[in-house]
1. Which value, in debye to the nearest 20, describes the size of the charge dipole of the chain about its Cα centre when Lys and Arg Cβ atoms bear +1, Asp and Glu Cβ atoms bear -1, and nothing else is charged?
2. Choose one answer from L31, L42, L107: the residue with the largest mean-square fluctuation in a GNM of the chain with alpha-carbon springs under 10 Å.
3. Quickly estimate the mean residue ellipticity at 222 nm for the chain, helices only: each DSSP H run with n ≥ 4 gives -39500 (n - 2.57), and the total goes over all residues, rounded to 500.
4. For the stretch 37-52, in order, what is each residue's ³J(HN,Hα) by Karplus, 6.51 cos²θ - 1.76 cosθ + 1.60 with θ = phi - 60°, in whole Hz (x at glycine and Pro)?
5. Amide H of L107 versus every other amide H placed in the peptide plane: which residues, excluding those fewer than 5 positions away on the same chain, fall under 5 Å?
6. Hey, which lysines would be in cross-link range of K115, C-alpha to C-alpha under 29 Å, not counting anything within fewer than 8 residues on its own chain?
7. Would you mind finding the longest exposed-site-free stretch of the chain, with exposed trypsin sites (Lys or Arg not before Pro) meaning DSSP loop and at most 13 other Cβ atoms within 10 Å?
Amino acid sequence: MPEYALTISSPKTGKSYNKKIETDIFDGRRLNDNVDGSAIGLAGYQLKITGGSDKCGFPMRVDVQGFARRKILTIKSKGVHIKKKGIRKRKSVVGSQISNSTAQVNLSITKYGDKDLEEVLGIKKEETAEKAA
């Protein structure tokens, strides 16, 4: 099973949380697909795949099909800062499908569960343990 570095963002609080997990639930999924949170240890949560990157750090793009790395000609996008009008730039990006070469998956919460997210991930317990020590 492949290992993914998950970045889970909470629109309510504006915070992001990191988690590493070995699972095959993301294989074959695409950007903007919904995932059940119970498969990754977040019972009751509903998550949406918003982005990611491969093992070399190239970003995923919604408009590129498949999972291969391609060089696209772009006007303006993430990672491209063009100052003059009419200039285009060629950038390497990865397709929108998640595969074994995907290292990071960005998720956004669409439906919250009964428990607090920090409680489910075990973050509050670590902070209080550090303060007590």
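1. Dipole about the Cα centre, nearest 20: 1460 debye.
2. L42
3. Computed mean residue ellipticity for the chain: -3000 deg cm²/dmol.
4. x, 5, 6, 10, x, 10, 5, x, 8, 10, 10, 10, 7, 10, x, x
5. Residues meeting the amide H criterion: T7, I8, S9, T50.
6. K12, K15, K19, K20, K48, K124, K125, K131
7. 16-54
Rule-based calculations on the coordinates, nothing more; no lab input. Just so you know, these numbers come straight off a predicted model, no measurement behind them. All Cβ positions, glycine included, derive from the backbone under ideal geometry; neighbour counts span all protein chains shown.
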